[in-house]
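So the structure is just underneath, and the comments pick up after that.
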Amino acid sequence: MIKYQKFCYWVDAQILKKVRENIEQKGEELDDEVRIPCRVLRSSKEIGNITPEAWEGFCKRRTSWYQRSDKADKFLLVSSTSLDHLDIGNPIIIKESNFKPDRLPSHKEILQLIKSEKYQNLKPDLWEKVDSLDKEFYQRWFERHQTEELFDFNKIFAHHSANHANFIDPEFLINTDGIKVPYSIADSIHVCSSCVEFFNILGDQWPVKYVVPCIGAVQFAHLPIDQYFEVRIKRGNDTDENKG
C-alpha cells in the first residue's frame, strides 16, 4: 500500500495555465476546488487546484488567514505525485508521520499562547466573529467523539487560537538536528482550519512542522483523526530520497 503523500505548489494564473495545458495534453482534467480547500487532500484525489474563492467558501471565517498572508490571490496545486518536472517551484510536501508530542499545553499555557503579540497582530478580524452555525458544527462533532469533557465553545476556541499561535510564535516545539519544529498543540476535536498550516499560510518560516488535521479535514478530506502529518518545505537541493 502506497503511503499518503501530497505535493503542494503555490502558483499564479500564468503557471496554473501551463500546468492545466500539460494535464489536458495527457487527456486528463485538473479539477478546481472552489468551496472547501482541504478536500484536495483526499488520498483518492490525484491532483486538484484550490482557487482563491475557495477560501471565501464554506470555511470563510476559519480560513480568513489566507487573505492576510502572502499567498492571497494565488492558486494552490495539490498533487499525489511530484510536479517538479514542470519547473513550477519547490513544493510543500505533506506525508504521514509517527510523531507524538511528549505533552500538550495546560489551559493556562493555552491562554498564554493567545497573548502572543505576533499572533494578535496577525489574526484576521473575521477570525473571532463566530456565528451560531459554527458553534453547532463543533458541538456536533465534539459530542460525537468526546465522552467525558463537557462542551464549552469558549474553551475550544481558545485551543483553536492557541494552535495557530503556536505556528506563528511557537512555545511548543521540538529540536531535530538543530532545526526547530513546531507542532499542533491539541487533538483534532480541539483544532480548527488545519489547512492553513498544511499549506503554509501560517508557519512557512519553519522548514518542518507537525500538523494534526482539524475536524473539517477529517470530515471533508477523510484524513485520520488525531494523526500528525509532517509538513516539509522541499529545498532546491533535496532529492526524492532525502525530502522526508
Practice prompt. Considering (1) of a type in the set (Lys, Arg); (2) closer than 30 Å to residue 83 by Cβ; (3) without any contact (Cβ under 8 Å) to a residue 60 or more places away in the chain; (4) surrounded by fewer than 16 Cβ atoms within 10 Å (Cβ to Cβ), say which one residue 235 fails and leave the rest.
Written response: (3)
Item to complete: Say whether the condition of being part of a helix (DSSP H, G or I) and modelled with pLDDT of 90 or more is met by at least one residue in the range 198-206.
Response: yes
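Residue by residue, here is whether (1) in a strand (DSSP E or B); (2) closer than 22 Å to residue 197 by Cβ holds:
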| site | (1), (2) |
| --- | --- |
| 8 | yes, yes |
| 17 | no, no |
| 20 | no, no |
| 35 | no, yes |
| 40 | no, yes |
Practice prompt. Take the range 181-197 and flag every residue that is of a type in the set (A, V, I, L, M, F, W, C) and at pLDDT 95 or above.
Written response: 181, 185, 186, 191, 192, 195, 196
Discussion item. Condition check: in contact (Cβ under 8 Å) with a residue 40 or more places away in the chain, closer than 23 Å to residue 94 by Cα and of a type in the set (A, V, I, L, M). Does residue 168 satisfy that?
Written reply: yes
Discussion item. I'd like the residue in the range 85-95 that is touching a residue at least 60 places away in the same chain (Cβ under 8 Å) and farther than 27 Å from residue 118 by Cβ and, out of all such residues, is nearest to the chain's Cα centre (by Cα).
Written reply: 95
Fill in: residue 185 being more than 21 Å from residue 112 (Cβ to Cβ), touching a residue at least 60 places away in the same chain (Cβ under 8 Å) and buried (at least 22 other Cβ atoms within 10 Å of the Cβ)
no
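Picking from 68, 62, 103, which residue would you name as being closer than 25 Å to residue 163 by Cβ and modelled with pLDDT of 95 or more?
Details: 68 fails: modelled with pLDDT of 95 or more; 103 fails: modelled with pLDDT of 95 or more.
Only one candidate passes the filter, namely 62.
Condition check ((1) among the aromatic types (Phe, Trp, Tyr); (2) in a loop (DSSP other than H, G, I, E, B); (3) over 21 Å from residue 197 (Cβ atoms)) across all residues:
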position	(1), (2), (3)
45	no, yes, no
61	no, yes, no
76	no, no, no
101	no, yes, no
130	no, yes, no
137	yes, no, no
Fill in: Test set (1) assigned to a helix (DSSP H, G or I); (2) over 23 Å from residue 164 (Cβ atoms) - residue 54 fails condition number
(2)
Practice prompt. Could you give me the residue pairs with C-beta distances under 7 Å whose first residue belongs to the range 30-44 and is touching a residue at least 60 places away in the same chain (Cβ under 8 Å), whose second residue is of a type in the set (S, T, N, Q) and surrounded by 19 or more Cβ atoms within 10 Å (Cβ to Cβ) wherever it lies, and which are 6+ apart or on separate chains?
Written response: 37/63
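Just checking, how many residues over the range 138-161 are without any contact (Cβ under 8 Å) to a residue 40 or more places away in the chain and surrounded by fewer than 17 Cβ atoms within 10 Å (Cβ to Cβ)? Before the answer, list the steps.
Filtering the range 138-161 for residues without any contact (Cβ under 8 Å) to a residue 40 or more places away in the chain gives 139-140, 143-144, 147-154, 156-157, 160.
From the residues that got through so far, the ones that are surrounded by fewer than 17 Cβ atoms within 10 Å (Cβ to Cβ) too are 139-140, 143-144, 147-154.
Qualifying residue count for the region: 12.
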Item to complete: Answer yes or no: is there a residue in the range 210-218 that is closer than 26 Å to residue 9 by Cα, at pLDDT 95 or above, part of a loop (DSSP other than H, G, I, E, B) and in contact with an Asp or Glu (Cβ under 7 Å, 6 or more places away or on another chain).
Response: yes
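Would you confirm, using the coordinates I've provided, whether residue 29 is of a type in the set (Asp, Glu), at negative phi and assigned to a loop (DSSP other than H, G, I, E, B)? I'd like the intermediate steps shown before the answer.
Working: of a type in the set (Asp, Glu): yes; at negative phi: yes; assigned to a loop (DSSP other than H, G, I, E, B): yes.
Yes.
The values are calculated or read from the model by the stated rules, or taken from the named source; none is laboratory data. Please read these numbers as outputs of a predicted model, since none were measured by experiment. As a convention, Cβ positions derive from the backbone with ideal geometry for all residues, glycine included, and neighbour counts pool all protein chains shown.
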